[in-house]
Amino acid sequence: MSVSPRLILLHKQKTSGRVRFLCFSAGVVAFNPLPTLAALRDENYSPTVQFHPTAIVREAEIHLGLPEGALEPEPEFAAWVDTPEGDVPILLAIFTDIDPPFSAAERTNSRFIAITESRQLSELERNLLRRAYEHVLG
């Protein structure tokens, strides 16, 4: 059973509240796309296995070429996706700098998008972004 956690990476501007998501060539779920048959679980779904985000967040920093502490896990957020291989946890990490790390995005052939620019994503990813957006804005 492959239940390797995935991340949604976002930047929230501290002064304006503007929220942007890091979008890779395969979508907004870092760093492996979800399978085609994946389906978002209900928000009240409570699995028996929980994942601590620190290790996967540090892996993301290394993958993006960022220093330690450039991403901060959002421990209160978790979504689960049902896949043929098993349930996959989707965790959330927030960039800590004042501005989004545009150079890291360039190095990984990705870009920052607003939720309004997510039309090209799958319905599953749009729903994940909606949950993350609602979470960070309270």
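Shape verdict for segment 80-138, please, from the Cα gyration tensor: rounded (a/c under 1.5), prolate (a/b greater than b/c) or oblate. Write out the running numbers ahead of the final one.
Working: a/c = 1.67, a/b = 1.52, b/c = 1.10.
Note, shape of segment 80-138 comes out prolate.
For SER122 and ILE98, what is the calculated FRET efficiency with R₀ set at 25 Å and r taken between the beta-carbons, to the nearest 0.05?
Details: r = 31 Å, r/R0 = 1.25.
Once rounded, the FRET efficiency stands at 0.20.
Expressed as a whole percentage, what fraction of the accessible surface of the chain belongs to carbon and sulfur atoms when a 1.4 Å probe is rolled over the protein heavy atoms?
49 percent
Considering only protein heavy atoms, what per residue accessible area in square angstrom results for segment 42-138 with a 1.4 angstrom probe?
Numbers: 5620 Å² over 97 residues.
Roughly 58 Å² per residue, with all protein chains present.
What distance in nm separates the simple spin-label points at LEU37 and GLU68, each placed 7 Å from Cα in the Cβ direction?
4.1 nm
Report, largest value first, the span of the C-alpha coordinates of segment 2-106 along each principal axis, in whole Å.
Answer, in whole Å and largest first: 37, 26, 23 Å.
Mind giving me the FRET efficiency for LYS12 and VAL49? R0 is 30 Å, r the Cβ-Cβ distance, nearest 0.05 is fine.
Details: r = 28 Å, r/R0 = 0.94.
After rounding, the FRET efficiency stands at 0.60.
The values are calculated or read from the model by the stated rules, or taken from the named source; none is laboratory data. Keep in mind it's a predicted model, so treat the numbers as computed, not measured. We place every Cβ from the backbone using ideal geometry, glycine too, and count neighbours over all the protein chains shown. Please note that ligands, DNA and RNA were not included when accessible areas were found on the heavy atoms of the full protein model with its side chains. Shrake-Rupley method; radii C 1.70, N 1.55, O 1.52, S 1.80 Å.
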